Structure formats: structure tokens, C-alpha cells
Amino acid sequence: MSLLDDRGNSEFPICRAWAESATLPGVDTGTVCAITMRLADAEMDETALMDALRTGMDRHVPDAATRALWLGRFGRIAGEFAEQEAMRRADGRPAAIEEFARWRVPGTGFTLRARADRIDLRGDGVAIYDYKTGAVPSIRQQDAYAKQLMLEALMVEDGAFGTLGRRPVRSVGYLGIGGKLSVTERAVDDALRGEVMAGLVALIGRYSGDAPFPARLAYEHLGYSGDYDHLARHGEWDDTCAFTPQAVG
């Protein structure tokens, strides 16, 4: 998920995907999640799920050892996944899978881009899901760091996802499909909508002005590495050091 200015060429990240716990050779975790998303069209039983995943792996994952490892991992949770999926489908079927959208953030000169893993119908509303092969963020972590799904909710409600139109978002949730099945789902209310929208507009306003860009800011764990740590010569300083704004250009 990213923000673009009016020219479309001054992009900076607004939300980062969580680091996955197990990156495997020959396939990234996004590919595995994409294959699993397409299982939504399969019959909801363990055998059908495994058959669909095996077919997807044969098409997209060339390394036999990697295929076997992923099939083994998912095989441990396939039965439970099928049971939970049946309950989700009782409330509504998937309406969008891996769909891209762009949204002009109201009151700003920026456009938010996103790709939704999965959006399910819920009557006249929808539920948004994101697949994780690593740890599923808790509600507290979502409030502080993992705001991706709520930003997608704002986009859906403003009609950014063209196939859905404008629909209220009933809930957002993470589906953990790694070594064990885990689910974190929360209801969406007006207070949460308002908080996220206000925070997004404030963030854009801050960095559209004269606010400095710290090399590292608001990391959940100091052990996390950043994409640009080497350019910032991190290691010659640490996260307890104060930074001094400096004009460039």
C-alpha cells in the first residue's frame, strides 16, 4: 500500500507488510497466499482444499522441495481452515480477490493505492481479509502499526474498488495460514473510521510540509531492519540517538 502525489512519481510507503516468519527458497510468501486465496472457489472440505493448493503449487512453484514443505505446512491446518471457511461463507461469499484500487484521499493531493487480498459480501456490506503466513497482528498492534485493512476499508466505503461500488465495511480481519491457523477479526464502527481517516490526513499533511524524515521512526522492535539502514549508516548510531533535521537539495 502506498501514497502517490499529483505527479504520480513521488511515492513513499504508508504501510509496510509485516515481515513473514518463513521465507522459502523459490517462492515468496505472497505467492503462497495468492494460491490459497483462490481456494475460496473450491469446495469447503479438506480434500478439495489440498487438491486446489497442490494444483496451484504445480503451476507456480517450480521447486519440488518447496512445494512439499508448503503442502505439509498447510496440510496441518487444512481441516480447521475448511471448517472456519464454511462459517465465513455462511455469512457471504468472496466478491473480490487480489483486487487493485486507487483512491484520492479527500482534502489532500495524494492517491492511496492498495491490493486487497480478499473482500467478502456481508449483506449490503463487506468484510475485508488479509492472509498472513507469519504472525497475525493483535488488535493493539493494528491500532499502532498495522493499519492496512482499515485504510482499505476507507477505500471500499468511498467506492475505490470499482467492482463493489460504495459499501459499508462490517469488519476487517487477518487469516493466519502458517504453521497454525489463527484469526484476528474486529468490527468497524464510526469511531474507528474517524480515527484512521484523521490519522491518515494528518500524516500526509505532516510530510507534505516541512517535517523532517527520520531514518527510523516508530519501530515496534529495535531489532527490525529498515530498507535504507545501510544508506543511513545505522550502526554508527542507534535508535536512542536524537536526530537533527538538515535541509537538503
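The values are calculated or read from the model by the stated rules, or taken from the named source; none is laboratory data. This one's a predicted model, so the numbers in the text were calculated from it and none came from an experiment. Quick reminder, even Gly has a Cβ in these numbers, built from the backbone with ideal geometry, and neighbours come from all protein chains shown.
Tell me, which residue of the range 207-240 that is surrounded by 10 or more Cβ atoms within 10 Å (Cβ to Cβ) and of a type in the set (A, V, I, L, M) is farthest from Gln142 (Cα to Cα)? Checked the range 207-240; the qualifying residue farthest from Gln142 (Cα to Cα) is Ala232.
Rundown of residues vs (1) at pLDDT 95 or above; (2) under 30 Å from Leu69 (Cα atoms); (3) of a type in the set (A, V, I, L, M, F, W, C), yes/no style:
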position	(1), (2), (3)
Ser138	no, yes, no
Ala144	no, no, yes
Lys147	no, no, no
Arg167	yes, no, no
Thr184	no, yes, no
Asp189	yes, no, no
Arg193	yes, no, no
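Scanning the range 99-116 for residues that are touching a helix residue (DSSP H, G or I) at 6+ places or on another chain (Cβ under 6 Å) and not in a loop (DSSP other than H, G, I, E, B) turns up Ala101, Trp103, Ala114, Ala116.
For the range 135-173, a tally of residues being buried (at least 17 other Cβ atoms within 10 Å of the Cβ) and either small (Gly, Ala, Ser) or free of Cβ contacts under 8 Å to residues at least 12 places away in the same chain (or both) returns 5.
Looking across Gly92, Gly79, one residue alone is assigned by TED's automatic domain parsing to the domain that holds Ile177, modelled with pLDDT of 85 or more, touching an Asp or Glu at 6+ places or on another chain (Cβ under 6 Å) and farther than 24 Å from Leu154 by Cβ. It is Gly79. The set of residues in the range 134-153 that are assigned to a loop (DSSP other than H, G, I, E, B) and either outside the structural domain of Gly178 (by TED's automatic domain parsing) or in contact with a strand residue (DSSP E or B) (Cβ under 6 Å, 6 or more places away or on another chain) (or both) contains only Val136.
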